[in-house]
Structure formats: structure tokens, C-alpha cells
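Q: The structure that follows is given in the form of C-alpha cells.
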Amino acid sequence: MQAVYTSPFQAYIVAPTTILGRAQTPMPQRSHHISRLVQRALKERRLIFPGDGMNAGNGVHLQDVVKLCCGLIGNAMSPTYEPPPENPQFFFAASTEFCWSDVAVKVASKLYNRGLIASDHVYSAPVGRVPELW
């Protein structure tokens, strides 16, 4: 990070977590976390989530990530830009916080209402049993 102060180039690290929202390109339309949760539920006809479900996640809408990146590019191009003193080039993009068990309950309800799983009840499984969901 020290090179930020001596380099003529600006570099940024944007670390979004779960990105939510529709893309405007032919890329996948769902977060891979939720997609995997749904795929596993359809396969087993019930919704399983890893651990006790209290593992927290956070998310950010796709358009907010785009706005952040556009703002960073604008700053990098500005001749008057000066980075802040601490971690100047690292941005942790998040706007919502949730527990994965809450997500599982909402997904199970939607799948059950569409007749795609047998029950809207969610089941916890040891992380080792469902590593693809962790």
C-alpha cells in the first residue's frame, strides 16, 4: 500500500461480498451462494444450510458496486486526488448484513410456494456435509 504515495498510478482493491441484483450483461443473474443453496434444495427436495445458520454475511447491490468503481476511476483520473492516510486503496463494499439462516428461510418459502421442495422447513447440516454451501 505504501506505493500508493510514490507511484504515478492509482490501484484499488474493491472487495464486495455477496453481490445482489440483475446484471446488464449475459453474466449469471444470481449470487453464487444463493444459486448453490437453490441447486442443493432442488436436488434434495428440502433446503439445507451449513452450520447453525448464524454465520453472518453481507451483501451489496450490483449497481452500488458499479457506482463505487466509477467513482474510484473518477478519483484516480483527477489531478487533485490525494488518498486518505489509512488503507487508501482498499474498499470493502457492503451495505446489508444478514444471517444465512434468514436467507435460507426466505429461499425455502419461495421454493415451497412454487411446489419445488416438499416443505418450507429449513435444515441445518454440519459444514463438512455441505462444503459447497460454505
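Values quoted throughout were computed directly from the atomic coordinates according to the rules given, and no laboratory measurement underlies them. Keep in mind that what you see is a predicted model, and the values were worked out from it rather than measured. Cβ: placed from backbone, ideal geometry, glycine included. Neighbour counts: every protein chain shown.
Q: Can you order the peptides 51-62, 99-110 by their average number of other Cβ atoms within 10 Å per residue, highest first? Walk me through the numbers on the way to the answer.
A: Details: 51-62: 14.9, 99-110: 17.6.
The packing order, highest mean first, is 99-110, 51-62.
Q: Can you tally the net charge around N75? Count Lys and Arg as +1, Asp and Glu as -1, for every other residue whose Cβ sits under 13 Å from the Cβ of N75.
A: Values: positive: K67; negative: E82.
Local charge sum for N75: 0.
Q: Could I have the simple spin-label model distance between A118 and E82, label points 7 Å from Cα toward Cβ, reported in nm to one decimal?
A: Reported label-point gap for A118 and E82 is 6.6 nm.
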